[in-house]
1. Within the range 469-499, track down each residue that is assigned to a strand (DSSP E or B) and surrounded by fewer than 21 Cβ atoms within 10 Å (Cβ to Cβ).
2. So is GLN521 in contact (Cβ under 8 Å) with a residue 60 or more places away in the chain and among the polar types (S, T, N, Q) or not?
3. Does the range 126-133 contain any residue that is at negative phi, in contact (Cβ under 8 Å) with a residue 24 or more places away in the chain and part of a strand (DSSP E or B)?
4. In the range 424-456, which residue that is surrounded by 20 or more Cβ atoms within 10 Å (Cβ to Cβ) and acidic (Asp, Glu) is nearest to SER391 (Cα to Cα)?
5. Just the residues that are in contact with a Ser or Thr (Cβ under 9 Å, 6 or more places away or on another chain) and surrounded by 16 or more Cβ atoms within 10 Å (Cβ to Cβ), please, taken from the range 222-250.
6. For the range 599-609, what are the residues that are under 27 Å from the mean Cα position of the chain (by Cα) and either buried (at least 21 other Cβ atoms within 10 Å of the Cβ) or charged (D, E, K, R) (or both)?
7. Tell me, which residue of the range 82-110 that is among the basic types (Lys, Arg) and out of contact with any strand residue (DSSP E or B) (no Cβ under 8 Å at 6 or more places or on another chain) is modelled with the highest pLDDT?
8. Would you please name the residue that is nearest to LEU695 (Cα to Cα), looking only at residues in the range 290-311 that are buried (at least 21 other Cβ atoms within 10 Å of the Cβ) and within 25 Å of the chain's Cα centre (by Cα)?
Amino acid sequence: MKKYLWTFLFIPHLLLAQRINRQALVERHSVMTTKMDTLASVSVGNGSFAFTVDATGLQTFPTYYAQGVPLGTQSEWGWHSFPNPENYKLEESLKPYPQQGRQVTYAVQKGSTAREKAAIDFVRQNPHRLQLGNLGLVLLKKDGKEAQPSDLTHIRQELNMWTGAITSHFELEGSPIEVITYGHQSKDAVATQIKSPLLTQKRLKVRLRFPYPTNQFVDAGAYYEQTNKHTSRIVSQSGTTAQIEHKLDKDQYFVNLGWNGKATIQAAQPHEFLISSTEPTLTLSALFTPQNAQVPTFNETRSSSINGWKNFWISGAAIDFSETADPRAKELERRIILSQYLTKINCTQAMPPQETGLTYNSWYGKPHLEMHWWHGVHFALWGRPELMEKSLNWYRKTVDKAKAIAVRQGYKGVRWQKMTDQEGNETPSSVGSFLIWQQPHFIYLAELCYRDKKNPAVLKNYSDLVEATADFMASYATLEGNRYVLGKGLIPAQECFHPDKTFNPTFELTYWRWALETAQQWRERQKLGRKKEWDDVLQKLSPLPQKDGVYLATESAPDSYTNPNWMIDHPAVLGALGVMPQQAGTDSTVMHQTLNLIWEKWNWGHTWGWDFPMTAMTATRLYQPEKAIDALLMPVQKNTYLPNGHNFQDGRLRIYLPGNGGLLAAAALLCAGFDGNTKENPGLPKHWKVKWEGLRKMP
């Protein structure tokens, strides 16, 4: 009897889980490319490793793509530092600023001597994430010259996100070439199968070459100068394998190659190796590794990719807009599917990702912790909290560095870094060092982990870090008269304000209240008493600043909406009821009027990709679904989603993953709503027909 009862209970759940045809949902948004488009490169990867290719299916033209979406090969372990014979130190960037009636030191970009300026530049630039190598084709024309992008014809490339396969077809002077590429889902490996008569004619070879890192803000991984500053060599080879060693200063790693059939490898120019085949089909695998390891075969990598991506797509949540007639729904669905793929391969490593993920370096490859919310929250809301949680252990690994910042500045607890690296080192910045809104993120992320299953083990695992995070927040607030104030000495999320003059930004005040109260709830869940000092701050925290019926960006800027210099960058004030839930002291009527004012007057061309999802979140919590959709699809350059799904910003940031992550968080809110929500699909117009499953409510 129990057996049949279990079956009866299970079947409805199974039917519910299958009501969306997930394979059809994903595959109708396969990325198709029919030309050499430098903004349409596509990637394979697993979250810890990514490999980005051009229209040939490999990294054949990295220089040509350098100003588009570059052809990166990056791993979470791949970091490098230039030599430091001058012994430059972070301490050379520290400058005192008056705060709370005392001098507080911040790491800034304001060197007063040549030595200080050089030290600041060095610490900002090092360490930097490495481009591990270019694996591409050498294509020779009949006259013996190497083919250029314009020589390729009949291009047809497809990225199938259901299997992770990139299939590329093209021709050179009438000869066909077919390349299929897969990324391994648990190893830093890529595998490819190449079919072409040009292989037997010695007019098609595979080339592995190693670029040298630059000290530039953006590193496209296509710098081939300075050949004498690094070394590469064939360490060993057999009939079907070879191991290549690459050394840069104190860093070393290997590329292990494996192939089928009759092929050979030889060193060509410095840092360049060629694989040649005498057969019309060549299968080749490449494993990038800091230690010697066996390279998986093409079949193993293909199987890993097919199974891994199927498991990803059938897990967690799904949203299907196919029955909605509104043409905006199809584009929104495309962005949602592609953003899931891109954030999975770029943002699920064991540390917070950089803003351009594992595709190419921005800010020298360093992550920004205030973006961790935008990179990671959506995984929990889409029923995949384990992917978000992978990066939370980094906070424990680097907690001593965060504690040292708090101690140096005279605060309790830990002050989480803003711009940092794999070891949690602080980076000098005249803006970032004064930001505070990254501080509550850890509490928000940990709370989402707990909400998933209400598991007491989560409380035990993270409670000390939640406590230390809140201790800093309470000690950071200054008691002035009968109220606690945030600042002066800060820059809010809207980064156009000066730290010496700024205090009580609306979004940060709201986030401070929410995080301190949540930290108290963590104590109560563990049968611990509430902390008196936290409650004191909560009870006396400054009210949200407003004027003429709207919320100000910050109390120190009463002319927030009349000064054009302050109508740019992030409209972060909207996050006070968008990113944040309704709570004591937040008036939905005032926020409604604030949203309307910002909608009409804001300089939307001077924003960032996550501002549009944030605006949609605010509209959703105010039950304005049409405005929520309009925000997500606002026709502004920085809200552009390229054919490959990347959120384009400008010539410097051709991809911007916080926009993709923010879109997914907003999409979950549109459908599943939020704590206390009383309406079905609160962020969707009534005439839209949607099927969704597996989404979690936002706090």
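The values are calculated or read from the model by the stated rules, or taken from the named source; none is laboratory data. Note that the coordinates shown come from a computational prediction; the quantities given were computed from them, not determined experimentally. Cβ placement follows ideal geometry from the backbone for every residue including glycine, while neighbour counts extend to all protein chains displayed.
1. THR478, LEU479, GLU480, ARG483, VAL485
2. Against the criterion (in contact (Cβ under 8 Å) with a residue 60 or more places away in the chain and among the polar types (S, T, N, Q)), GLN521 does not qualify.
3. The answer is yes, given that some residue of the range 126-133 is at negative phi, in contact (Cβ under 8 Å) with a residue 24 or more places away in the chain and part of a strand (DSSP E or B).
4. So, considering only residues that are surrounded by 20 or more Cβ atoms within 10 Å (Cβ to Cβ) and acidic (Asp, Glu), the one nearest to SER391 (Cα to Cα) is GLU447.
5. Passing the criteria: ALA222, TYR223, TYR224, ALA242, GLN243, ILE244, HIS246, LEU248.
6. Within the range 599-609, TRP604, THR607, TRP608, GLY609 qualify.
7. Filtering the range 82-110 for residues that are among the basic types (Lys, Arg) and out of contact with any strand residue (DSSP E or B) (no Cβ under 8 Å at 6 or more places or on another chain), the one modelled with the highest pLDDT comes out as LYS89.
8. In this case the residue turns out to be TRP309.
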